[in-house]
Amino acid sequence: MKRIDLNCDMGEVPEAITDGTQELLLPSLTSVNIACAGHAGDFQNMKVTIEQALRWGLDVGAHPGYPDRANFGRLELKLPPEIIADSVFEQVRVLAEVAAGCGACVTHVKPHGALYNQAAANRAVAQAIANGVARWNRDVALVGLAGSLMLKVFREAGFRVFAEAFADRRYEADGTLRSRRFGDALIRDPAEAGEQALRIAEQGTVVSCGGTEIVANAQTICIHGDTPGAPTIAAAVAKTLRQAGVDLTALSRLSRDDSNS
């Protein structure tokens, strides 16, 4: 049976936490990546999100991004590698402390936004992320874009690595995510997101905006918590995968044979 993790970036939108939207996502997921005071998030939002994840038995991961709240961490910054490493270390450390206070541990780290996209093609940025996490703990998994350079760099740094693909994002022909500058960058239709997730799980591919089939061999599939209608999308993706016989399994329970190490 095919096993795959279904993750979501969370703790980023305070309104989604207070109005119950974030809670509605949790039954569909196996892992969460929590904003840790860089691009978004604060102590209270981290604590609430971790507690929610624990109630549903989900893996807790750190989601560090550029410390640029004005642009939600989605603007590329030209920071020196040592500054990136310092920022990643501090964000992961903070989340780990909050998690420990809740009786949880951080199982994985996934970069956010522009930091993630730059690391996919820039060795220095990817290495800086690895260095920052290593300063905190080497015994966690790192998550990165399927087929990208960042996975190779993370693996060379000695980390267990998981490749990620996206149910709610469109791709370019080179395997990168379509920029959010374009109106069609997000997949908002739950059925379409479910179909893309199933294709990733069963075939390890996605179809780009230009119609090209590209490799997206992944062990984890992401849904963005701030995508409009995210709970409905997540439910459709989870249902589609389960009905096809895919076993939704959190990263910490996937074996090394399932990882991209």
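The values are calculated or read from the model by the stated rules, or taken from the named source; none is laboratory data. None of the values given here were measured: they were computed from a predicted structure. All Cβ positions, glycine included, derive from the backbone under ideal geometry; neighbour counts span all protein chains shown. Accessible surface areas use protein heavy atoms only, side chains included; no ligands, DNA or RNA. Shrake-Rupley method; radii C 1.70, N 1.55, O 1.52, S 1.80 Å.
Can you give me the number of residues within region 92-120 that are part of a helix (DSSP H, G or I), over 26 Å from T176 (Cα atoms), of a type outside the set (A, V, I, L, M) and in contact with a helix residue (DSSP H, G or I) (Cβ under 9 Å, 6 or more places away or on another chain)?
Number satisfying all stated conditions: 2.
In this structure, does V206 turn out to be in contact with a strand residue (DSSP E or B) (Cβ under 7 Å, 6 or more places away or on another chain) and open to solvent by 70 Å² or more (accessible area, probe 1.4 Å)?
So V206 fails the test.
Do you know which residues across region 78-93 are surrounded by 16 or more Cβ atoms within 10 Å (Cβ to Cβ) and over 10 Å from W136 (Cβ atoms)?
L79, P81, I84, A85, D86, S87, listed by residue number.
Out of L198, L248, L145, L186, report the one residue that is closer than 17 Å to Q118 by Cα and either open to solvent by less than 60 Å² (accessible area, probe 1.4 Å) or touching a residue at least 24 places away in the same chain (Cβ under 8 Å) (or both).
L145
Tell me, which residue of region 209-230 that is open to solvent by 30 Å² or more (accessible area, probe 1.4 Å) and touching a residue at least 60 places away in the same chain (Cβ under 8 Å) is nearest to the chain's Cα centre (by Cα)?
Filtering first and then ranking leaves D226.
Looking at region 187-219, which of its residues are in a loop (DSSP other than H, G, I, E, B) and farther than 16 Å from G147 by Cα?
Within region 187-219, I187, R188, D189, C209, G210, G211 qualify.
Determine which member of the set G20, G61, G57 is under 22 Å from L115 (Cα atoms) and either out of contact with any Pro (no Cβ under 7 Å at 6 or more places or on another chain) or not basic (K, R) (or both).
On the way: G20 fails: under 22 Å from L115 (Cα atoms); G57 fails: under 22 Å from L115 (Cα atoms).
Residue meeting the stated conditions: G61.
Residues V48, V106, V60, V13: which one is surrounded by 15 or more Cβ atoms within 10 Å (Cβ to Cβ) and modelled with pLDDT under 95?
Selected residue: V13, the only one of V48, V106, V60, V13 that is surrounded by 15 or more Cβ atoms within 10 Å (Cβ to Cβ) and modelled with pLDDT under 95.
Does K239 satisfy being in a helix (DSSP H, G or I), more than 26 Å from P27 (Cβ to Cβ) and open to solvent by 10 Å² or more (accessible area, probe 1.4 Å)?
no
Please state which of the following conditions E15 fails to meet, knowing it meets all the rest: (1) in a helix (DSSP H, G or I); (2) closer than 24 Å to A236 by Cβ; (3) touching a residue at least 12 places away in the same chain (Cβ under 8 Å).
(3)
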